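The values are calculated or read from the model by the stated rules, or taken from the named source; none is laboratory data. Quick caveat, the model's predicted, so the values are computed rather than measured. Every residue, glycine as well, gets a Cβ built from its backbone with ideal geometry; the counts of neighbours run over all protein chains shown.
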Amino acid sequence: MTHGAALLLLLSGPSSTVPAQQPDCQDRRGHTSEAWSTQSRNALASRTRYPPRAAREGMTGTAKLLIDVDWDGRLHGVSIAKTSGEPLLDEAALDAARAVGRFAALPCLTTERIRVVIPVRFVIRN
């Protein structure tokens, strides 16, 4: 973040799931959807950078990412579900998800692979 810019991130729950055989949950006891959401938000937030040019030019917006992750948190794909209207911000959101690479392991209540929509909101606060 630059020039006093603050970054806000929001996470929604799974938008759809891809059915698959549930892996053994022995190592994932105690994981909850809420804990997974928090860990995923934190991982994404720590890698999201407000592009300097976007901050200088006052660009703001929300890029909604469609993230496809395996039960063990491995990233299988990421794309823009809905654009922020600013290509620089969309690319920064995509770069952050790719930089995470592996999110937290999914809770045992989910299928082997899920897709989640994560809105990444870029806001400049002075």
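Data overview
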{"item": "Glu86 being in contact with a Gly (Cβ under 7 Å, 6 or more places away or on another chain), at pLDDT 95 or above, among the charged types (D, E, K, R) and closer than 23 Å to Arg125 by Cβ", "result": "yes"}
{"item": "Residue pairs meeting the criteria (Cβ under 9 Å; at least 6 apart or on separate chains; first more than 15 Å from Arg125 (Cβ to Cβ), in segment 49-68; second surrounded by fewer than 16 Cβ atoms within 10 Å (Cβ to Cβ) and of a type in the set (Asp, Glu))", "result": "Arg49/Asp95; Pro51/Glu91; Ala63/Glu91"}
{"item": "Elements of type strands (runs of 3 or more DSSP E) in segment 36-126, at least 3 residues being surrounded by 14 or more Cβ atoms within 10 Å (Cβ to Cβ) and basic (Lys, Arg)", "result": "113-123"}
{"item": "Tally, over segment 73-109, of residues that are over 10 Å from the mean Cα position of the chain (by Cα), over 21 Å from Glu34 (Cα atoms) and among the hydrophobic types (A, V, I, L, M, F, W, C)", "result": "6"}
